[in-house]
Amino acid sequence: MSAIDHEPFPKGALFAAGSLIALSLTAAAVGRYQNLNPPTDAIVSAPIPSQLLKMRFNDEPDGSVIVLNADTGATIDTIAPGEDAFIRAVMRGFVRDRKLRKIGAEVPFNLSRYPNKRLTMSDPTTGKEIDLRAFGPTNEGAFARFLAEPGSR
C-alpha cells in the first residue's frame, strides 16, 4: 500500500479547489449579468446605406427566378434554372425563415451598400442580415450586379 492510503487528503487543497470553483462561478455570473444589461449610451446606431434596393424574387414554373425592383415593379434580372446557386441559397434561407415565423412575402428584401463598400442582404421582417463580403468577391458580385445601373450591365 502507498502512503496515500494511510494519510487523509490535505484539507488546504480541498479548501483551495472549492474556493477556485466558487470564484469562477461568481465571475461568470457577474460577467453574464453585465452583458445582458449594456449601458444605453454604448448602443451605436446602424450606419445609413449609400445605396438601398428593395427587391422581390418570383419563382417561375420553369425554375427561373425573376428579380424585381419592389419600388418600381421593373424586372432587374432573370436567373435561369440551375444558375446563380449562391443567390438561390441565400434567398432560400431568408424565405425559410419567414415561413417558420408565418410571415408572408408582402415586405420586400433589402440589398444595401454602405459607404465603406460593405454589401448586405437583409429581411426587415425578421431582422436577419447577411454580410455578403464574408462569402468572397465572386459571391458578393452575384448580388452587387443588381445595384449596377441598367446600362452598365
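The values are calculated or read from the model by the stated rules, or taken from the named source; none is laboratory data. Since we're looking at a predicted model, the values are computed, not measured. Every residue, glycine as well, gets a Cβ built from its backbone with ideal geometry; the counts of neighbours run over all protein chains shown. We work out accessible area using only protein heavy atoms, side chains counted, and drop any ligands, DNA or RNA first. Shrake-Rupley method; radii C 1.70, N 1.55, O 1.52, S 1.80 Å.
Structure notes:
- Rolling a 1.4 Å probe over the protein chains gives Y114 an accessible area of about 20 Å².
- D_trans [Stokes-Einstein, Kirkwood Rh over alpha-carbon pairs] for the stretch 65-141, 20 °C, 1.002 mPa s, µm² s⁻¹: 158
- Farthest positive-ward along the chain dipole, Cα basis, beta-carbon charges - from F94, P124, I21: P124
- Unit charges on C-beta of K, R, D, E only; dipole of the stretch 59-153, Debye: 420
- Two-decimal Rg to Rh for the stretch 87-130 - Kirkwood Rh, Cα set: 1.00
- Around V65: net Lys/Arg minus Asp/Glu count, Cβ-Cβ under 12 Å: -3
- Kyte-Doolittle at least -1.0, axis length at least 18 Å by Cα - qualifying DSSP helices, the chain: 11-36, 85-100
- Relative contact order computed over the chain (Cα-Cα under 8 Å; 6+ residues apart), in percent: 17
- Protein heavy-atom surface of the stretch 59-128, 1.4 angstrom probe: 52% of the accessible area is carbon and sulfur, with nucleic acids and ligands not counted.
- Helix-only mean residue ellipticity at 222 nm for the chain, each DSSP H run of n ≥ 4 adding -39500 (n - 2.57), per residue, nearest 500: -11000 deg cm²/dmol
- The mean accessible area for residues of the chain, using a 1.4 Å probe and ignoring ligands and nucleic acids, is 69 Å² per residue.
- Over the chain, equivalent-ellipsoid semi-axes from the Cα gyration tensor in Å: 54, 20, 16
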